Amino acid sequence: MEVDMEVDDFVTKSQTFVSWLEKAGVTISDKIELADLRNRGAGRGVVARKDIAEDEVLFTIPRTSILSPETSALPKYITSSLEDPWLSLILNMIYEHQQGQASKWQPYLDILPQDFDTPMFWDEDTLSFLKGSAVLSKIGKSSADQSLTTQLLPIIRANDNLFYGNDVLDSELLALCHRMASTIMAYAFDLPSQDGPASEQEDGWEVDSNASTAATPKGMIPLADLLNANADLNNAKLYHTPDAVEMRSIKPISPGDELLNDYGPLPRADLLRRYGYTTDEYAKYDVVEIAEDLIFLPASKTLGLSTSALQERLDYLEEHDVLDTAYDISHCDSKELTTSPCPEELTTALNALALSAQDFKTLKTRSKLPKPDPNEKTCDLLREILERRGDMYLHNTYTLDQNAIDDMRKNWNLSKSGARRRLMALEVICGEKQVLAGARDWIEERRRGWSEAAYNKRQAEEKVDGARIGKKSKR
């Protein structure tokens, strides 16, 4: 009988991992089990074996079984010069990986992916399918290369006896660094010391500018990181205790149901950048980022503002924390167009730009801001801004819509990474174009409302005028 070695290896690694968890002091409820979900395209996952009530402890992991710089066997003095917890964890994971069977973490490391579909690993041709999306500027491969090359490689080279780097090229070490960085990006959790809900790491270290977030210790939490995510069906959450972390149910779970975490309101562009996949379940969180250079200078030209007048208004908006380098346009439900897809800061800023010189002077004297509700002039500016933003996408994606995406899903060979990555890129672009279309629809709905209101007002005035004329004629 012929055995599928790939399937057998997958199952064997899963079984070895579960045995390792038990030896590592991890307590697992008999109501759940690790499952092979490759038939759903989900790799490994955790499913319920029995009925689970709300707020049941599903598994408990001691802090000593969380892979971090504190628990790694790499001597602490090696990473003492690294202030960035991301770099420190990358270095510790490289060390444990290179130890092979000598590492106590090997059964855990063996089930983590070796290949990723995140844009960090795409070639230039495939990346071109993302043209127009702001996610391209957030991949950060160049800055990552620089940080890894200047901060980690020298430590590895200076400690060849620990890292077995004598026969490894810098390019190979850099590739390993990227692999571990991507593993952390997709699987690591923040490890705050206080009790309460745990959270997945906030952002990629190579692009994270939030100092407080960057300083939070990171750790790889075995089993917890195997839960897949679903924005709508989230039924479990990780909590900290002083000596461990606990995964608890947050709603009843039926036998056969998968335990699902939630990434939060992530647009599919960020889902792709961080985790290497897209799903329609997160389409409602799609946004289009519009940089300030597409907004204020072009708007000032439309409005006929001088350079000095524009700068005066921008300075005033910055003083009142309204000005930003970019603004997100949100998904707008075509069936419910009452909620603005534009952030209040953007419409407030445009309303300020659209004021007459005298009205702006009065506003400034009172140290107030315009109301965020856009007027007709502001909506005209918004429409122009959306058109400029839409022109940034590839011209051959003008006809891209959900029907085209569905056809690609049916007809493309998605077992090949190139086709799979191109499809995910186009799903991101399609989602962003839908966001822009929804915003345009919202603007047109506002304009129709104003037109109807103006028409009704004229009709009422004509009716009143007619009544007056009638009275005069009777006299």
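The values are calculated or read from the model by the stated rules, or taken from the named source; none is laboratory data. Note that the structure is a prediction, hence the values are computed from the model and not measured. Here Cβ is always computed from backbone atoms with ideal geometry, including for glycine, and neighbour counts include all displayed protein chains. For accessibility, only protein heavy atoms count, side chains too; no ligands or nucleic acids. Shrake-Rupley method; radii C 1.70, N 1.55, O 1.52, S 1.80 Å.
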Which of (1) touching a residue at least 24 places away in the same chain (Cβ under 8 Å); (2) open to solvent by 50 Å² or more (accessible area, probe 1.4 Å); (3) within 21 Å of Glu292 (Cβ to Cβ) is the odd one out, the single condition Glu376 does not satisfy? (3)
Scan the stretch 54-71 residue by residue and report those that are farther than 18 Å from Leu21 by Cβ and open to solvent by less than 50 Å² (accessible area, probe 1.4 Å). Glu56, Pro69
Over the stretch 32-44, the set of residues touching a residue at least 12 places away in the same chain (Cβ under 8 Å) and either part of a helix (DSSP H, G or I) or buried (at least 18 other Cβ atoms within 10 Å of the Cβ) (or both) is Ile32, Leu34, Ala35, Arg38, Arg44
Which is open to solvent by 30 Å² or more (accessible area, probe 1.4 Å), touching a helix residue (DSSP H, G or I) at 6+ places or on another chain (Cβ under 8 Å) and either part of a loop (DSSP other than H, G, I, E, B) or more than 17 Å from Met185 (Cβ to Cβ) (or both), of Pro242, Pro265, Pro255? Pro265
Restricting attention to the stretch 345-366, which residues are open to solvent by 30 Å² or more (accessible area, probe 1.4 Å) and either touching an Asp or Glu at 6+ places or on another chain (Cβ under 9 Å) or outside the structural domain of Thr307 (by TED's automatic domain parsing) (or both)? Glu345, Lys364
Could you run through the stretch 313-344 and say how many residues are assigned to a helix (DSSP H, G or I) and either open to solvent by less than 80 Å² (accessible area, probe 1.4 Å) or not assigned by TED's automatic domain parsing to the domain that holds Asp293 (or both)? 5
Mind listing whichever residues of the stretch 401-443 are in a helix (DSSP H, G or I), open to solvent by 70 Å² or more (accessible area, probe 1.4 Å) and either on the phi > 0 side of the Ramachandran plot or polar (S, T, N, Q) (or both)? Asn403, Asn411, Gln434
Please enumerate the residues belonging to the stretch 290-312 that are surrounded by fewer than 19 Cβ atoms within 10 Å (Cβ to Cβ) and outside any helix (DSSP H, G or I). Ala291, Gly304, Ser306
So which residues in the stretch 163-174 are assigned to a helix (DSSP H, G or I), open to solvent by 30 Å² or more (accessible area, probe 1.4 Å) and either in contact with a strand residue (DSSP E or B) (Cβ under 7 Å, 6 or more places away or on another chain) or of a type in the set (A, V, I, L, M, F, W, C) (or both), if there are any at all? Leu174
Conditions first: (1) in a helix (DSSP H, G or I); (2) over 26 Å from the mean Cα position of the chain (by Cα); (3) in contact (Cβ under 8 Å) with a residue 60 or more places away in the chain. Ile385 passes all but one, so which condition is the exception? (2)
Aliphatic (A, V, I, L, M), open to solvent by 30 Å² or more (accessible area, probe 1.4 Å), more than 19 Å from Arg38 (Cα to Cα) and at pLDDT 95 or above: which single residue out of Ile221, Ile250 fits that description? Ile250
Of all helices (runs of 4 or more DSSP H) completely enclosed by the stretch 74-157, which ones contain at least 2 residues that are polar (S, T, N, Q), more than 30 Å from Lys13 (Cα to Cα) and without any contact (Cβ under 8 Å) to a residue 24 or more places away in the chain? 141-147
Quick check: is even one residue across the stretch 271-289 in a loop (DSSP other than H, G, I, E, B), open to solvent by 30 Å² or more (accessible area, probe 1.4 Å) and assigned by TED's automatic domain parsing to the domain that holds Leu414? no
Being crowded, with 19+ Cβ neighbours inside 10 Å, touching a Gly at 6+ places or on another chain (Cβ under 7 Å) and modelled with pLDDT of 95 or more, is that true of even one residue in the stretch 189-199? no
Could you please let me know if Leu82 is open to solvent by less than 10 Å² (accessible area, probe 1.4 Å) and in contact with a helix residue (DSSP H, G or I) (Cβ under 6 Å, 6 or more places away or on another chain)? no
What is the one condition in (1) within 17 Å of Arg274 (Cα to Cα); (2) in contact with a strand residue (DSSP E or B) (Cβ under 7 Å, 6 or more places away or on another chain) that Phe121 does not satisfy? (2)
What is the number of the single condition among (1) over 22 Å from Asp441 (Cα atoms); (2) under 24 Å from the mean Cα position of the chain (by Cα) that Asp407 does not meet? (2)
Sort through Gln114, Gln98 and tell me the only one that's loosely packed, with under 13 Cβ neighbours inside 10 Å and more than 30 Å from Lys433 (Cα to Cα). Gln114
